[in-house]
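Everything on this sheet refers to the single structure shown next.
The values are calculated or read from the model by the stated rules, or taken from the named source; none is laboratory data. All values derive from a computational prediction rather than experimental measurement. Here the Cβ is made from the backbone with ideal geometry for all residues, glycine too, and neighbour counts use every protein chain on show.
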There are 4 protein chains.
Amino acid sequence: MSDMDQLAMQSGWLAPDDLDLARERVPMGYVDAVPVRLDEAGRVVAVGLLLRAMPDDTISRAVVTGRVLYGETVRSALLRHLAKDLGPMAQPQLPPNPSPFTVVEYFPDPSVTGFVDPRQHAVSLAYIVPVQGECFPAPETLEFTWLTPAEAASPEVSREMTGGHDRLVRMALANVGCLP
Amino acid sequence: MSDMDQLAMQSGWLAPDDLDLARERVPMGYVDAVPVRLDEAGRVVAVGLLLRAMPDDTISRAVVTGRVLYGETVRSALLRHLAKDLGPMAQPQLPPNPSPFTVVEYFPDPSVTGFVDPRQHAVSLAYIVPVQGECFPAPETLEFTWLTPAEAASPEVSREMTGGHDRLVRMALANVGCLP
Amino acid sequence: MSDMDQLAMQSGWLAPDDLDLARERVPMGYVDAVPVRLDEAGRVVAVGLLLRAMPDDTISRAVVTGRVLYGETVRSALLRHLAKDLGPMAQPQLPPNPSPFTVVEYFPDPSVTGFVDPRQHAVSLAYIVPVQGECFPAPETLEFTWLTPAEAASPEVSREMTGGHDRLVRMALANVGCLP
Amino acid sequence: MSDMDQLAMQSGWLAPDDLDLARERVPMGYVDAVPVRLDEAGRVVAVGLLLRAMPDDTISRAVVTGRVLYGETVRSALLRHLAKDLGPMAQPQLPPNPSPFTVVEYFPDPSVTGFVDPRQHAVSLAYIVPVQGECFPAPETLEFTWLTPAEAASPEVSREMTGGHDRLVRMALANVGCLP
C-alpha cells in the first residue's frame, strides 16, 4: 500500500480502487440533507437546491448528499457535506433527534425503490436541516437556489431533478406540513 | 357578558367560569416544551427545567407547559409559553416538523396514564425546543436551571418533579439519544 | 341540568348546547386516522377512503376523523372512530408510538393553515393505521374504498376531498415512502 | 476469485476475507429490531430479548441485530434477521414508515457514542417491531424471553446487556411511552 493510500485510509478516505471494491460488496452509508429556511415560528419558508453534475451524468438540481466515512459519525458527515456544498458561512442547525425523517435506498436498478444511483447501492439517512447563514456553493456546484415550498414541489422544478430527489423534496415538504 | 369577558373571549382567553365549564366537558389542548441547549453538531448538552408552583400545590421542577387557546396555532402557543417562562431574550427554535416527539395525556386519576393534572383532562403535544439566548424566567417561576442530560435524568432531580414530568424529561432525552 | 345531560356528561358525550359552548371557547381535540393495507414487508399497498357527508355540506372522500371525548384516551378515541367508520370486523392495528405522524390544525378560516372545519377550531392528531380485516362502513358512510397509493394521490381523487384531507392523504403517503 | 466467492458475492454474502476488507474501509449498514407484543389498543405489553454469544465474547441479552447485505432492502434485512432469530412462526409486522425510531452508531471505541461493536464501525437503523406469532429462537440463541417494560428497563436486566443494548431498549420504551 502506498503512503498516499495509507494516509487516505487513516483519514477515512479510500483510494479509488478500495472504494470501488467496497462498493461492490456492501451498501454504502450515506446522508441526504434538505436545506431549509425557517421563519421565527419554525415554519419552512424556503428549500435550498443545488444545481450540479450528478452520478447519472446529468446536470440536475439536487439536495446535499454524501458518504459517511469509516470512523465518522453521522452528524460529522452531515456537517462536512453541508459545509462543502453550502460554504463555510452557512450555519446549518442539525436536529437533536438522530432519527432521519426518512430512509432513502438508492439502487442502480430503478425498479427496486425508484431512488437511483448508477454507481452503487446506498442507504441514505435523510434529514431536514435549517440553515441560517449565507450560502456560497462549492466550485463544482453551478448554482444554489432558495425556492418556496410551492416552487420546490412544482412539476417544473421536479423535472430538473434525477435519481428520485424530486420525490425526496416532496417527502421533506410533507414532513414539515408544507406539501401543497 | 361583561366587557371584560367579551375581551377575554375575543383575545382567546376565557373568563375563569367559562374555562371551568369547558374543562368539565372536553379535554384541554396543551403543549409541553422541553428546552434544550445544543452543541454545534446538534447534540443536546443541557436540559432546562423551571422550578415553580404546580397545579398539585407542590413547588416542583417542570418543563414549559400551557394551554392552546381558541383560535391559536400550536406554534403560537409554544412561542407564547416559551416567552412567558423563559423571557423575551430566549431564542427558542421551533422544529419545522409539526409532529410532537410524544403525546402526554394528563388525567386527574393517576392510574390512567401516570401523567397527572388534578385540574383537568389535558392532551399535550410535547416538543423538544432548542434555545439559544439568555433565559430570564417569569416572576412566578422561582428558578430556571440548565442541567446536563445525566443530571436531568438522575433520581435526585426526578424526585423534584411531579405529574410525570420526570418521565417526560427521560422520554425527551431518549428521543435525542442522550438517555443515560 | 337534565337527567339526559347528566348522562351525556358522565358518558363523555355532551348535550348539543354544551358542546357548542365548548366549541366557542377552546380548541377541540381530534384524531384523524388514515387506514392502510400493508404487504408482508410492511409496505403500504392501499389507502382506505370513506365517502360521506362532510361538515362543509359536501359529499366527499375523507379519512376517519372524530373527537376525543372528556376522560377518553387518544387510543380509545382512535379505536372508537375506526370501529364506527370501518365496522366491527376491521382489525385496526394502532402503532405503539403515541406520536402522530403529523398534527392537523383545522380552522373555520381557510387562510390559517389550509385545513378547514367550518364548525370549529380543532387540533387533530393524525395517525396511519394498518387495517387487516374486512371493512363494513357505517350506514351514514356511502362508500368505503381501497385505493392504490398512486390513485389516492391523483388529482382526480384529490378533487373529491375537502377541508384539506387530500393534503393529509399525500402527507401520509410521503411518511410511508409511497408518495408518487 | 473462486466459484465460492463468486456465489457469495452474487447472493449478497461476502467471503470472510472480503467482508474484513470492507469492514476496515466503510461503515457497515445494520438494522436493530426491538421485538414487542402489543395489546389491542397498540400499547406495548412486553419486550422480547435474546440471550446469546455477542461480538464482545460475552453471553448477553440483546435485541435482534444484523447486517444489510449488498442489494438487499432494509425491510428485507429486517425480515431476514427477525426470521433467523425468532423462527418462522413469529409474525413480525414491520411499520409502514421507513424511518427508524433512532440511529445507533456502533464503534470499536466506547468513548465515541457509548454503543460498541469491537469488530467494526456500524450504522444501525433501529426499529420497534410488533410480533404476533410464537417465537422459536435459532439454535445459536440460548433463550428468547418476553419481559414486561418495567423488567426490560430494570437495572438487573440492563446489567445483562452489553454494547449499549440496554440503552437501546430504554430508548425504545421511551419511544412507545412505556419507559418507567
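Consider B:Asp57 carefully, then state whether it is charged (D, E, K, R) and at pLDDT below 95.
yes
Tell me, please, whether a residue that is within 14 Å of chain C (Cβ to nearest Cβ) and closer than 28 Å to B:Gly114 by Cβ can be found in region D:132-142.
Here is the first cut: in region D:132-142, the residues within 14 Å of chain C (Cβ to nearest Cβ) are D:132-133.
Subset that is closer than 28 Å to B:Gly114 by Cβ: D:132.
Scanning region D:132-142, I find at least one residue that is within 14 Å of chain C (Cβ to nearest Cβ) and closer than 28 Å to B:Gly114 by Cβ, so the answer is yes.
Consider D:Ala122 carefully, then state whether it is among the small types (Gly, Ala, Ser) and under 17 Å from D:Pro35 (Cβ atoms).
no
For region A:88-119, what are the residues that are in contact (Cβ under 8 Å) with a residue 24 or more places away in the chain, of a type in the set (Gly, Ala, Ser) and in contact with a strand residue (DSSP E or B) (Cβ under 8 Å, 6 or more places away or on another chain)?
A:Ala90
Report, by residue number, each residue of region C:83-97 that is within 7 Å of C:Val131 (Cβ to Cβ) and in a loop (DSSP other than H, G, I, E, B).
C:Ala90, C:Gln91 - these are the residues of region C:83-97 that are within 7 Å of C:Val131 (Cβ to Cβ) and in a loop (DSSP other than H, G, I, E, B).
Could you list all residues from region A:100-134 that are of a type in the set (S, T, N, Q) and either surrounded by 21 or more Cβ atoms within 10 Å (Cβ to Cβ) or in contact with a Gly (Cβ under 6 Å, 6 or more places away or on another chain) (or both)?
Of the residues in region A:100-134, the ones of a type in the set (S, T, N, Q) are A:102, A:111, A:113, A:120, A:124, A:132.
Once the filter is applied, which keeps residues that are of a type in the set (S, T, N, Q) and either surrounded by 21 or more Cβ atoms within 10 Å (Cβ to Cβ) or in contact with a Gly (Cβ under 6 Å, 6 or more places away or on another chain) (or both), region A:100-134 yields A:Thr102, A:Ser124.
Quick one: in region D:122-165, of everything that is closer than 23 Å to D:Ala83 by Cβ and among the hydroxyl-bearing types (Ser, Thr, Tyr), which residue is farthest from the chain's Cα centre (by Cα)?
Checking each candidate, the answer is D:Thr145.
Going by the conditions given, is A:Arg170 surrounded by fewer than 16 Cβ atoms within 10 Å (Cβ to Cβ), within 17 Å of A:Thr65 (Cβ to Cβ), touching a helix residue (DSSP H, G or I) at 6+ places or on another chain (Cβ under 8 Å) and within 14 Å of another protein chain (Cβ to nearest Cβ)?
no
Counting only residues that are over 21 Å from A:His165 (Cα atoms) and either surrounded by 23 or more Cβ atoms within 10 Å (Cβ to Cβ) or of a type in the set (S, T, N, Q) (or both), how many does region C:142-165 have?
Residues that pass the stated criteria total 6.
Considering (1) within 14 Å of chain B (Cβ to nearest Cβ); (2) buried (at least 20 other Cβ atoms within 10 Å of the Cβ), say which one A:Pro88 fails and leave the rest.
All conditions are met except number (2).
How many residues does region B:68-79 hold that are away from chain A (no Cβ under 11 Å) and either of a type in the set (Lys, Arg) or at negative phi (or both)?
Looking only at that region, the number is 4.
Say whether the condition of being under 20 Å from A:Val74 (Cα atoms) and of a type in the set (S, T, N, Q) is met by at least one residue in region D:78-97.
No, region D:78-97 has no match at all.
Assess whether B:Ala126 counts as being aliphatic (A, V, I, L, M), within 12 Å of chain A (Cβ to nearest Cβ) and under 29 Å from D:Thr113 (Cβ atoms).
Taking the combined requirement at face value, the residue does not satisfy it.
Within region D:91-110, restricting attention to residues that are within 14 Å of chain C (Cβ to nearest Cβ) and of a type in the set (A, V, I, L, M, F, W, C), which residue is nearest to A:Phe101 (Cα to Cα)? Steps first, please.
Step one: filter region D:91-110 for residues within 14 Å of chain C (Cβ to nearest Cβ), giving D:91-102.
Now drop any that are not of a type in the set (A, V, I, L, M, F, W, C), which leaves D:94, D:101.
On the way: D:Leu94: 17, D:Phe101: 10 Å.
That would be D:Phe101.
Please work out if D:Pro100 is in a loop (DSSP other than H, G, I, E, B), of a type outside the set (A, V, I, L, M) and at pLDDT 95 or above.
In short, yes.
I'm checking my understanding of the structure. Among residues of region C:143-180 that are among the acidic types (Asp, Glu) and assigned to a helix (DSSP H, G or I), which one is nearest to A:Asn175 (Cα to Cα)?
Residue satisfying both the conditions and the ranking: C:Asp166.
Can you tell me which residue within region B:47-67, out of those that are buried (at least 18 other Cβ atoms within 10 Å of the Cβ) and among the aliphatic types (A, V, I, L, M), is nearest to A:Val129 (Cα to Cα)?
B:Val47
Got a sec? Which of D:Ala46, D:Ala77 is of a type outside the set (Ser, Thr, Tyr), in contact (Cβ under 8 Å) with a residue 60 or more places away in the chain and under 30 Å from C:Tyr127 (Cα atoms)?
When all the criteria are applied, what remains is D:Ala46.
I'd like to verify a number: residues in region A:136-180 that are of a type outside the set (A, V, I, L, M, F, W, C) and touching a Pro at 6+ places or on another chain (Cβ under 6 Å), how many?
Looking only at region A:136-180, we keep the residues that are of a type outside the set (A, V, I, L, M, F, W, C), and these are A:137, A:139-141, A:143, A:145, A:148-149, A:151, A:154-156, A:158-160, A:162-167, A:170, A:175, A:177, A:180.
From what is left, the residues that are touching a Pro at 6+ places or on another chain (Cβ under 6 Å) are A:177.
The qualifying residues number 1.
In the list A:Val31, A:Val36, A:Val45, which residue meets the criterion of being within 22 Å of A:Leu147 (Cα to Cα), within 12 Å of the chain's Cα centre (by Cα) and within 14 Å of chain B (Cβ to nearest Cβ)?
Answer to the selection: A:Val31.
Would you say A:Leu82 is at pLDDT 95 or above, within 14 Å of chain B (Cβ to nearest Cβ) and under 13 Å from the mean Cα position of the chain (by Cα)?
yes
Yes/no matrix, rows are residues, columns are (1) closer than 30 Å to B:Glu105 by Cβ; (2) among the β-branched types (Val, Ile, Thr):
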position: D:Arg23; (1), (2): no, no
position: D:Asp32; (1), (2): yes, no
position: D:Pro35; (1), (2): yes, no
position: D:Arg43; (1), (2): yes, no
position: D:Val47; (1), (2): yes, yes
position: D:Leu50; (1), (2): no, no
position: D:Asp57; (1), (2): no, no
position: D:Ser76; (1), (2): no, no
position: D:Pro98; (1), (2): yes, no
